[in-house]
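Student: Please see the structure below; I have some questions.
Any read-out appearing in this document is the output of simple, stated calculations on the displayed coordinates, not a laboratory observation. Since the structure is predicted, the reported quantities are computational estimates derived from the model, not experimental observations. Positions of Cβ are backbone-derived with ideal geometry, glycine not excepted, and every protein chain shown enters the neighbour counts.
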Amino acid sequence: MNKKVHVGIVGATGAVGATLLTILKERRFPIASLRCIASARSQGKRIMFDGREIEVEDLASASFKGIDIAFFSAGAERSKVYAPKAAGEGAVVIDNSSAFRMDPAVPLVVPEVNPHAAYAHKGIIANPNCSTIQMVVALKPLYDAAGIVRIVVSSYQSVSGAGAKAVYQLEQEIKGLAAHFHEGAWQIDTDIEELLGKIYEANKSETVFPYPICSNLIPHIGSFQGEDDYTQEELKMVYETKKIMEDDSIQVSATCVRVPVFWAHSETVNIQTRKPLAADRARAILAQAPGVELVDTPKDRVYPLPLFAGGRDPVYVGRIRRDPSIQNGLNLWVVADNLRKGAALNAIQIAELLLKR
Ligand code: A2P
């Protein structure tokens with residue numbers, strides 16, 4: 001990787017944007033120049049990178065001429081308009097939004113799973129949904145060994161996946177709740193639901209979720225779709241998995257839940273393999289798998305935890321066990337930092353694939 005490249009980050013002021021900046025520096029990505037782009041609200045703000053101050057530009061007026069790689073993470077609506085513009089001006093766009101993921105002409109890439117797809121790009125490469133990325137990193141080696149007929153997944157998704165404002169919502173609710181606590185008060189006369197409702201109302205202009213998230217679980221990520229009322233997030237897991245694994249026959253059933261965790265998504269993943277695959281064999285395969293860290297000695301209380309996955313790169317897999325209720329059934333618990341492997345790290349690894357060529 002001798003060549004240095006000109007890099008742009010659209011959404012540089014957001015949660016994924018900040019993580020992109022951190023990881024570019026950590027991995028010593030060969031940067032010739034770096035441009036930070038966000039909304040007009042942030043124009044002129046300064047972002048520190050590698051000891052330098054970079055002034056934020058407004059996306060609406062930014063030119064992409066001279067940028068080699070543009071990471072987009074400012075929402076699907078912005079990507080739909082500006083990613084084709086950036087590609088037209090000569091940049092390769094690595095887009096973290098859902099705008100192009102299911103476009104047959106746009107590769108959807110997880111470097112551990114389908115790196116070859118990246119090279120077929122026509123200017124835009126899509127970065128998959130965070131929940132899908134960590135699941136396919138864990139499942140691809142098992143798929144290669146035994147095939148996968150069906151996946152049943154439930155996600156426990158952290159608030160950082162919904163952006164910086166969502167992190168702030170949980171922080172405000174925790175602080176608000178703590179301020180009302182004095183020893184034993186919650187047991188005696190405090191109606192927690194009412195109290196959280198009041199805190200939620202007081203901060204409503206700043207909230208992201210439709211309900212308080214502190215002390216709660218919300219089974220609703222993205223809008224409800226179709227006659228079955230699956231959420232967008234759940235359908236992303238279904239369709240993106242098939243596309244990345246390049247196998248439309250895999251059946252996927254997903255339930256996605258937002259939980260009051262700041263960093264890292266967790267998932268229970270139940271699979272039915274085509275051929276028998278013992279839990280020990282699955283463990284041995286995952287111990288060698290790229291991007292995976294096996295954390296699976298439950299009797300010593302060693303299993304993946306979101307608190308310890310935050311800020312780290314691997315997809316952690318544990319609680320691997322036979323599912324005796326179906327033939328060839330296996331259960332897994334999969335945890336990863338949604339802003340890193342689920343977003344920024346995966347995008348940068350895609351860029352690194354391009355640089356290898
Ligand atoms: P800004 O900070 O100027 O609003 P997050 O996912 O953490 O909420 O971050 C979203 C990112 O997308 C931010 O960098 C945000 O910039 C950017 N963004 C949101 N709306 C626009 C827009 N209309 N034009 C350009 N960037 C936008």
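Student: Packing-wise, with mean Cβ within 10 Å as the measure, how do 298-307, 56-65, 203-212, 155-164 rank, highest first?
Tutor: 155-164, 56-65, 203-212, 298-307
Student: Right, here's the next one. What's the center-to-center distance, using Cα atoms, between segment 283-345 and segment 216-275 in Å?
Tutor: Centre-to-centre (Cα) distance: 17 Å.
Student: Given 0.36 nm per residue, what is the gain on full extension from residue 278 to residue 171 after removing their alpha carbon distance, in nm?
Tutor: Net length gain for the segment: 34.3 nm.
Student: Add -39500 (n - 2.57) for each DSSP H run of 4 or more in the chain, then divide by its residues: what number comes out at 222 nm, to the nearest 500 deg cm²/dmol?
Tutor: That comes out to -10000 deg cm²/dmol.
Student: Moving on to the next point. How would 321, 28 line up from fewest to most surrounding beta-carbon atoms within 10 angstrom?
Tutor: The fewest-first ordering by Cβ neighbours comes to 28, 321.
Student: Could you line up 249, 266, 325 from fewest to most neighbouring Cβ atoms inside 10 Å?
Tutor: 325, 249, 266
Student: Please give the per residue volume of the convex hull enclosing the alpha carbon atoms of segment 52-184, rounded to a whole number of Å³.
Tutor: Spelled out: Cα convex hull of segment 52-184, divided by residues, is 206 Å³.
Student: Averaging over all projection directions, find the projected area of the Cα convex hull of segment 190-331 and quote it in nm² with one decimal place.
Tutor: 12.4
Student: Please compute the contact order of the chain in relative form: average sequence separation of alpha-carbon pairs under 8 Å and at least six residues apart, divided by the residue count, as a percent.
Tutor: Normalised by residue count, the contact order of the chain is 19 percent.
Student: Can you check what the net charge comes to around residue 279, using other residues whose Cβ is under 11 Å from the Cβ of residue 279 (Lys, Arg +1; Asp, Glu -1)?
Tutor: Charge balance in the 11 Å sphere: +2.
Student: Further, regarding this structure: Indicate, rounded to the nearest 5 percent, the antiparallel portion of the DSSP beta bridges found entirely in the chain.
Tutor: 50
Student: So, one more: Can you give the Kirkwood hydrodynamic radius for the chain, in Å, rounded to one decimal and based on Cα pairs?
Tutor: Computed over Cα pairs of the chain, the Kirkwood hydrodynamic radius comes out at 21.4 Å.
Student: Something else now. Would you mind calculating the relative contact order of segment 206-341 from Cα pairs under 8 angstrom and at least 6 residues apart, reporting the percent as a whole number?
Tutor: 23
Student: For an R0 of 56 angstrom, estimate the FRET efficiency from the Cβ-Cβ distance between residue 352 and residue 191 and round to the nearest 0.05.
Tutor: FRET efficiency, residue 352 to residue 191: 0.60.
Student: Could you pull out the pairs from 4/85; 25/65; 198/242; 3/242 whose alpha carbons sit more than 32 Å apart here?
Tutor: Over 32 Å Cα-Cα: 198/242; 3/242.
Student: Let me ask something additional. List the trypsin sites (Lys or Arg not before Pro) within segment 72-140 that fall in a DSSP loop (any state other than H, G, I, E or B) and whose Cβ has at most 12 other Cβ atoms within 10 Å.
Tutor: The qualifying sites are 122.
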